[in-house]
Amino acid sequence: RALELRPDFVDAINNLGNLLWERGDTKEARILYRRTVELKPGFLLGHLNLTLICRELRDYKEALRHVDVILQANPRYIMITI
């Protein structure tokens with residue numbers, strides 16, 4: 001419902017991505033996580049989720065791009081475990 005009212009609400013998009021990923025739909029989840037960082041490039045949680053899902057999908061090149069974004073924004077971001 002939140003996305004119907006505000007289709008650019010990155011928290012809701014991210015949460016939907018989490019739900020899809022939990023259900024095993026990694027491709028759709030990644031699409032949604034990408035949308036969060038397209039809408040809000042500084043959304044570190046979106047970059048973190050992309051890092052993790054890309055690692056799971058063995059797309060290490062994209063995963064590392066998101067690690068770089070996170071570490072440039074916050075060099076001490078402790079959630080990075082790749």
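The values are calculated or read from the model by the stated rules, or taken from the named source; none is laboratory data. These numbers were taken from a predicted model, which means no experiment stands behind them. Note that each Cβ is placed from the backbone with ideal geometry, even for glycine, and that neighbours are counted across all protein chains shown.
Take the residues in the stretch 22-81 that are among the polar types (S, T, N, Q) and not in a helix (DSSP H, G or I), then tell me which one is surrounded by the fewest Cβ atoms within 10 Å (Cβ to Cβ).
T81
For the stretch 4-13, state whether one or more residues are closer than 18 Å to I70 by Cβ, surrounded by 15 or more Cβ atoms within 10 Å (Cβ to Cβ) and either of a type outside the set (A, V, I, L, M, F, W, C) or in contact with a strand residue (DSSP E or B) (Cβ under 9 Å, 6 or more places away or on another chain) (or both).
Taking every residue of the stretch 4-13 in turn, none turns out to be closer than 18 Å to I70 by Cβ, surrounded by 15 or more Cβ atoms within 10 Å (Cβ to Cβ) and either of a type outside the set (A, V, I, L, M, F, W, C) or in contact with a strand residue (DSSP E or B) (Cβ under 9 Å, 6 or more places away or on another chain) (or both).
How do the pairs read when you match residues in the stretch 9-27 that are within 18 Å of G42 (Cβ to Cβ) with residues anywhere that are part of a loop (DSSP other than H, G, I, E, B), using Cβ under 8 Å and keeping only pairs 6 or more apart or on different chains?
Filtered contacts from the stretch 9-27: V10/K40; V10/F43; A12/R6; N14/F43.
Is it the case that the stretch 14-24 has a residue that's at pLDDT below 95, of a type in the set (G, A, S) and touching a helix residue (DSSP H, G or I) at 6+ places or on another chain (Cβ under 6 Å)?
No, that holds for no residue.
Within the set of pairs 6 or more residues apart or between chains, which connect a residue that is under 15 Å from K27 (Cα atoms) and modelled with pLDDT of 95 or more inside the stretch 59-71 to a residue that is part of a helix (DSSP H, G or I) and charged (D, E, K, R) with Cβ atoms less than 6 Å apart?
A63/R55
May I ask you to verify whether L50 is in contact with an Asp or Glu (Cβ under 8 Å, 6 or more places away or on another chain) and within 23 Å of Q72 (Cα to Cα)?
Considered against the rule, which asks whether it is in contact with an Asp or Glu (Cβ under 8 Å, 6 or more places away or on another chain) and within 23 Å of Q72 (Cα to Cα), L50 comes out as yes.
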